[in-house]
1. Can you pick out the pairs among Lys109/Lys204; Lys109/Lys198; Lys154/Lys199; Lys165/Lys199; Lys15/Lys109 whose Cα atoms lie more than 32 Å from each other?
2. First select every other residue whose beta carbon is under 10 angstrom from the beta carbon of Ala208; then total the charges, Lys and Arg +1, Asp and Glu -1.
3. Taking 0.36 nm per residue of separation and subtracting the Cα-Cα distance, what length does fully extending Leu16 through Arg159 add?
4. Between the range 156-212 and the range 74-126, what is the separation of their alpha carbon centroids in Å?
5. Can you give the direction-averaged projected area of the convex hull of the alpha-carbon atoms in the chain, in nm²?
6. In the range 1-160, what % of DSSP beta bridges are antiparallel (nearest 5)?
7. So how do 188-197, 114-123 stack up, highest first, on mean other-Cβ count within 10 Å?
8. What's the ranking of 130-140, 159-169 by average number of surrounding C-beta atoms within 10 Å, highest first?
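Derivation of every value follows stated rules applied to the coordinates shown; laboratory data play no part. Note that the coordinates shown come from a computational prediction; the quantities given were computed from them, not determined experimentally. FYI the Cβ positions are ideal-geometry reconstructions off the backbone, even for glycines, and counts take in every protein chain you see.
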Amino acid sequence: MVRIAPSLLSADFGKLREEIEDVTAGGAEWLHLDVMDGHFVPNITFGPFIVRAIRRLTELYLDCHLMIEDPLRYAPQFAAAGADLVTFHLEVDQDPAAVIDAIEAEGAKAGMVVNPATDVRLLKPWLDRCHLVLVMSVVPGFGGQSFMPEVLEKLTILREELGYKGLLELDGGVAPDTAAACKAAGADVLVAGSAVFKKQDRAKAIQAIRTA
Ligand code: DX5
Ligand code: ZN
């Protein structure tokens with residue numbers, strides 16, 4: 001069964017506790033936390049301080065997506081703040097093995113992310129160390145963008161050509177009308193921001209994605 005990871009990016013941060021309770025009651029298994037630094041992407045969200053606060057509010061699996069230039073420096077802080085999984089982008093100019101070591105040293109799982117324009121085969125040297133690979137289905141930075149179906153073949157390449165055995169996640173533009181294609185392509189985890197938090201009835205929204 002596919003896991004749904006609502007992205008807090010589209011939630012109302014003025015009532016974070018209720019928002020999290022709402023998607024928990026609605027059947028979400030994971031919570032997706034989008035961290036942006038204003039450099040790697042042209043938007044700024046939140047840091048480890050907020051992740052720590054969220055950790056105190058929920059037992060949901062915290063999936064922390066770092067869209068930041070310097071994960072080697074900051075990723076361990078997100079792991080220490082209570083993230084269960086910390087993912088970082090292949091496109092940053094750092095040694096992935098060192099970032100993975102730093103995340104694992106703080107007791108979290110590590111994963112890597114590829115942007116829509118990036119050749120997924122470039123992940124090959126580190127795949128055996130990735131608990132999860134996140135394939136972006138929008139250009140990262142903002143919620144509410146349109147799903148890019150052309151990225152789906154990356155999941156097939158990961159499984160069939162590269163023999164990747166870990167979890168596969170898609171992020172960006174996932175909604176009831178795109179979820180079936182995501183599942184068919186082999187996704188284990190679907191991130192959904194606006195398709196969950198911009199709906200009145202979150203349980204219904206999550207169910208609509210799951211059963212699509
Ligand atoms: C995009 C983020 C996504 C975003 C998804 O930069 O990584 O997680 O919140 O939002 P939707 O589901 O609205 O495309
Ligand atoms: Zn994300």
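1. Listed pairs above 32 Å: Lys165/Lys199.
2. +1
3. 47.8 nm
4. 21 Å
5. Quarter of the Cα hull surface area: 10.2 nm².
6. Of the beta bridges lying entirely in the range 1-160, close to 5 percent run antiparallel.
7. Packing proxy ranking, top to bottom: 188-197, 114-123.
8. Packing proxy ranking, top to bottom: 130-140, 159-169.
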